[in-house]
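Right, one structure below, let's go through it.
Read-outs: derived from the displayed coordinates by stated rules, not from any lab. Please read these numbers as outputs of a predicted model, since none were measured by experiment. We place every Cβ from the backbone using ideal geometry, glycine too, and count neighbours over all the protein chains shown.
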Amino acid sequence: MKRFVIAITGASGVCYGKRLFDCLKSQAEVHVIISERGVELLNIELGLKPSYFKGKNVTLHKTTKINTSIASGSFHVDGMVIVPASMGTIGRVAAGVSGNLIERVADVMLKEKRKLILVPREAPLSTIHLKNLLALDQAGALILPASPGFYQQQNTVESLVDFVVARIIDQLGGEHDLMPPYKV
Ligand SMILES: Cc1cc2nc3c(=O)[nH]c(=O)nc-3n(C[C@H](O)[C@H](O)[C@H](O)COP(=O)(O)O)c2cc1C
């Protein structure tokens, strides 16, 4: 069974993190970390509490507790997705701060050359945001903006969310039936 980490930070678009969790929890061991601001956004945007992120193969970690399995490179993780990724977290990961569990696990993914997917959500982007994203790309992370395509004639918010989540799961090598393959 594959092992993934999902981190939810305090950017708009926590629906992407929730949908990713819903899709992965039945097919993988899932570790969830939610930043303090992420907890607020979960409540504001979805009316959810962190306790939603429970299940048979699920571990919900405290962001402040760095002394845990996933903080070590010796604990193999197949992929980490920060979704949504706030510009605050992106800046701190780009600078190698490692001040909380989300930043530490992201740092481990980069140093171990493992899959780190960042789903930034901000508009417009400043020079600082763009420099941080470039630094992370150059360090081996994959930048996957929460920017759905419209060519499959999606007409619901859910289908637009699924478009982005499908792209994330494709990158992780997981299974999904969120979108049919594009046909002309
Ligand atoms: C309602 C609300 C929406 C926000 N949306 C975003 C956003 O879309 N993108 C972003 O980068 N920051 C956003 N922020 C700011 C972050 O929450 C803030 O920078 C925070 O310190 C990030 O902390 P974290 O990365 O530890 O979660 C938002 C804040 C609030 C209160």
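Any residue in the range 37-58 that is free of Cβ contacts under 8 Å to residues at least 12 places away in the same chain sitting within a Cβ distance under 8 Å of a residue that is assigned to a helix (DSSP H, G or I) and loosely packed, with under 14 Cβ neighbours inside 10 Å? List the pairs, counting only those 6 or more apart or interchain. So the pair list comes out as Lys49/Asn43. For the condition within 11 Å of the ligand (Cβ to nearest atom) and either touching a residue at least 60 places away in the same chain (Cβ under 8 Å) or buried (at least 20 other Cβ atoms within 10 Å of the Cβ) (or both), Gly10 qualifies. So which residues in the range 20-41 are in contact with a strand residue (DSSP E or B) (Cβ under 9 Å, 6 or more places away or on another chain) and more than 11 Å from the ligand (Cβ to nearest atom), if there are any at all? Matches in the range 20-41: Leu20, Phe21, Leu24, Lys25, Gln27, Ala28, Glu29, Val30, His31, Val32. Going through (1) away from the ligand (no atom under 13 Å from the Cβ); (2) within 14 Å of the chain's Cα centre (by Cα) one by one, Glu103 falls short only on (1).
Meeting the requirement of 1 or more residues that are under 13 Å from the mean Cα position of the chain (by Cα), the strands (runs of 3 or more DSSP E) wholly within the range 1-98 are 2-8, 28-34, 79-85.
Residues that are within 16 Å of the ligand (Cβ to nearest atom) and under 27 Å from Asp177 (Cβ atoms) were ranked within the range 48-59; the one that is surrounded by the fewest Cβ atoms within 10 Å (Cβ to Cβ) is Leu48. The C-beta contact set for the range 61-86 (first residue of a type in the set (Asp, Glu), second residue more than 15 Å from the ligand (Cβ to nearest atom), distance under 8 angstrom, 6+ apart or interchain) comprises Asp78/Lys2; Asp78/Arg3; Asp78/Phe4; Asp78/Ala28; Asp78/Arg114; Asp78/Lys115; Asp78/Leu172; Asp78/Gly173. Among the residues of the range 62-99, those that are away from the ligand (no atom under 14 Å from the Cβ), surrounded by 16 or more Cβ atoms within 10 Å (Cβ to Cβ) and under 27 Å from Arg167 (Cα atoms) comprise Ile70, Ala71, Val77, Asp78, Gly79, Met80, Val81. Within the range 38-88, work out how many residues are within 19 Å of Glu122 (Cα to Cα) and among the hydroxyl-bearing types (Ser, Thr, Tyr). Number satisfying all stated conditions: 1. Selection over the range 114-138 of residues that are under 17 Å from the mean Cα position of the chain (by Cα) and assigned to a loop (DSSP other than H, G, I, E, B) gives a count of 3.
Which of the residues belonging to the range 99-156 are among the charged types (D, E, K, R) and without any contact (Cβ under 8 Å) to a residue 40 or more places away in the chain? Let's see the steps before the verdict.
Here is the first cut: in the range 99-156, the residues among the charged types (D, E, K, R) are 103-104, 107, 111-115, 121-122, 131, 137.
Glu103, Arg104, Asp107, Lys111, Glu112, Lys113, Arg114, Lys131, Asp137 - these are the residues of the range 99-156 that are among the charged types (D, E, K, R) and without any contact (Cβ under 8 Å) to a residue 40 or more places away in the chain.
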